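Asks: Below: one structure in structure tokens.
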Amino acid sequence: DPVQLIRLLRFLAAAGCSHVFLAVSSHSLAQQRVAGLQFAGGIFSNLTHDHLDYHKTFDEYLKAKKQFFDNLPGGAFACINADDRNGKVMVQNTLANVVYYGIRSMADFKGKILESHLNGTLLNIDNHEIWTRFLGEFNAYNLLAVYATACMLGMNREEVLRALSALDTVEGRFQYRQSKDGVTAVIDYAHTPDALLNVLKTIGQIRTGGEQVIAVIGAGGNRDKTKRPEMAKVAATLCDRLILTSDNPRDEDPLEIIADMKAGLDGQGMAKTLIQPDRREAIRTAVMLAKKGDIILIAGKGHETYQEIRGVKHHFSDHEEVAALFEPESMNP
């Protein structure tokens, strides 16, 4: 709540902390949990299908996010993704200094993907080439947002680029493991239609030939049900084989969650889809189906080390399951 948050920020300031970067959720904005705070700046990355179980409509979700930029003071900056169609909507009524970053559109901070590989990406940012360990267009946007924000805070542009090139990837975000037989398993936290789209598009960009993409996905229980069929539809469109399974079913029946996901599949999608509610067996099935060069995406849990079933958290790690099935290999950073 606002009192606890301001108390925490006061504690940090007293301890000598100069900057705080705060992920401000749509829930917190709707519930006025950041009331009373004055932000020096804000970043808008994108707006995708999520949290409609709370906001009910996409328009209400957008309005909640827009509140943040409406409340920025005149001396602040708003750093906006120029390639997201909702970016300009966010800053229609802001007093802040608006700057844009982007890959496709004209922008104050411009980026371009030059090369994509399994171990990283070569980017051009403001006419400087940098190598980064991050993969995918979505990560290029995130790095651009960080670069633009650092520049708006007065940092030297070349120093920022050097820092970006030294960053390590985040646990559970496009981490991969390769078997001695040449099968690659990608583990990612993607749990929305847009996140799945981004990860599968990234895999498509690094494919070199006719290798299969096999996706293992589920949807969390007691969460937004409207995204379930969309997730299955996106996955079936961009993979060769799809396995629908459990992902923290919580208090729901895993088979009912999977039934909601199947509703998004047409006949062609169903033809490439297997149902395996046991996540361990689903991962095992994917590995058994994979041949040399194939890429398996295991999505939804990423860094998590548990499965929540009927209110109980059971130890479960996608990383450990893959390691047990592959010959021990070193995980990338």
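The values are calculated or read from the model by the stated rules, or taken from the named source; none is laboratory data. Bear in mind the structure is a predicted one, so any value in this text is a computation, not a measurement. Reconstructed Cβ throughout: ideal geometry from the backbone, glycine too, with neighbour counts over all protein chains shown. Note: areas computed on protein heavy atoms with side chains; ligands, DNA, RNA excluded. Shrake-Rupley method; radii C 1.70, N 1.55, O 1.52, S 1.80 Å.
Asks: Tell me, in nm to one decimal, what length is gained between Lys112 and Ala23 on full extension, where the rule is 0.36 nm per residue of separation less the Cα-Cα distance?
Replies: 29.5 nm
Asks: List the trypsin sites (Lys or Arg not before Pro) in the range 209-306 that DSSP assigns to loop (not H, G, I, E or B) and whose Cβ has at most 13 other Cβ atoms within 10 Å. Which are they?
Replies: On the way: sites: Arg223, Lys225, Lys227, Lys233, Arg241, Arg250, Lys262, Lys272, Arg279, Arg280, Arg284, Lys291, Lys292, Lys301; in loops: Arg223, Lys225, Lys272, Lys291, Lys292, Lys301.
Listed in order of number, the matching sites are Lys291, Lys292.
Asks: Suppose each label sits 7 Å from its Cα in the direction of the beta carbon; what would the Ile275-Glu129 distance come out to in nanometres?
Replies: 5.2 nm
Asks: Antiparallel as a % of all DSSP beta bridges within the range 239-333, to the nearest 5? Please report the intermediate quantities before stating the final value.
Replies: Values: 4 of 8 bridges.
In the range 239-333, approximately 50 percent of DSSP beta bridges are antiparallel ones.
Asks: Under the rule of -39500 (n - 2.57) per DSSP H run of 4 or more residues, summed and divided by the residues of the chain, what mean residue ellipticity at 222 nm is obtained, to the nearest 500 deg cm²/dmol?
Replies: On the way: 13 runs with 123 residues, N = 333.
For the chain, the value works out to -10500 deg cm²/dmol.
Asks: Next up: Around Asp253, with a cut-off of 12 angstrom between Cβ atoms, what is the net charge of the other residues, counting Lys and Arg +1 and Asp and Glu -1?
Replies: Values: positive: Arg250, Arg310; negative: Asp251, Glu252, Glu256, Asp260.
Here the charged neighbours net out to -2.
Asks: Moving on to the next point. Hey, what's the range 133-240 come to in accessible area per residue, 1.4 Å probe, Å²? Before the final figure, lay out each step's value.
Replies: Details: 4440 Å² over 108 residues.
About 41 Å² of surface per residue is accessible.
Asks: Can you give the three extents of the C-alpha atoms in the range 177-237 along their principal axes, from longest to shortest, in whole Å?
Replies: For the range 177-237, the Cα spread along each principal axis is 39, 19, 14 Å.
Asks: Write out the trypsin sites (Lys or Arg not before Pro) in the range 61-96 meeting two conditions: DSSP loop, and at most 11 other Cβ atoms within 10 Å of their Cβ.
Replies: Of the trypsin sites (Lys or Arg not before Pro), the ones in loops of the range 61-96 whose Cβ has at most 11 other Cβ atoms within 10 Å are Arg85.
Asks: With +1 assigned to the C-beta of every Lys and Arg and -1 to the C-beta of every Asp and Glu, and no other charges, what is the dipole magnitude of the chain about the Cα centre in debye, to the nearest 20?
Replies: 420 debye
Asks: Principal axes first, then extents: for the Cα atoms of the range 85-214, list largest minus smallest coordinate on each axis, whole Å, largest first.
Replies: Principal-axis extents of the range 85-214 (Cα, largest first): 55, 31, 25 Å.
Asks: Just how far, in whole angstrom, is the range 283-316 from the range 174-196 if you go by their alpha carbon centroids?
Replies: Computed from Cα coordinates, the inter-centre distance equals 10 Å.
Asks: Another question about this same structure. Pick out, from Thr245, Val322, Ile6, the residue whose Cα sits farthest towards the positive end of the charge dipole of the chain, with +1 on the Cβ of Lys and Arg and -1 on the Cβ of Asp and Glu.
Replies: The residue sitting most towards the positive pole is Ile6.
Asks: To the nearest 0.05, what FRET efficiency results for Arg162 and Asp251 with a Förster distance of 51 Å applied to their C-beta separation? Spell out each step's value before the answer.
Replies: Details: r = 48 Å, r/R0 = 0.95.
Computed FRET efficiency for Arg162 and Asp251 comes out at 0.60.
Asks: Cα atoms only: what Rg and Dmax, in Å, come out for the range 1-122?
Replies: Using the Cα atoms of the range 1-122, the pair Rg, Dmax is 16.5, 47 Å.
Asks: On the accessible surface of the chain, probed at 1.4 Å, how many percent belong to carbon and sulfur atoms? Can you show the working numbers first?
Replies: Working: 8410 of 16510 Å².
Taking all protein chains in place, the chain shows 51 percent carbon and sulfur surface.
Asks: What FRET efficiency comes out for Gln212 versus Ala13 if R0 is 56 angstrom and r is the Cβ-Cβ distance? Round to the nearest 0.05. If you can, show how the numbers build up before the last one.
Replies: Working: r = 53 Å, r/R0 = 0.95.
Efficiency, from the Cβ-Cβ distance: 0.55.
Asks: Please state the relative contact order of the range 135-248 as a whole percent: Cα pairs under 8 Å, 6+ residues apart?
Replies: Computed over the range 135-248, the figure is 23 percent.
Asks: About the Cα centre of the range 9-111, what is the dipole size in debye to 20, counting +1 per Lys and Arg Cβ and -1 per Asp and Glu Cβ, all else neutral? Working shown, then result.
Replies: Working: 10 positive and 8 negative charges, 24 e Å.
That gives the range 9-111 a dipole magnitude of about 120 debye.
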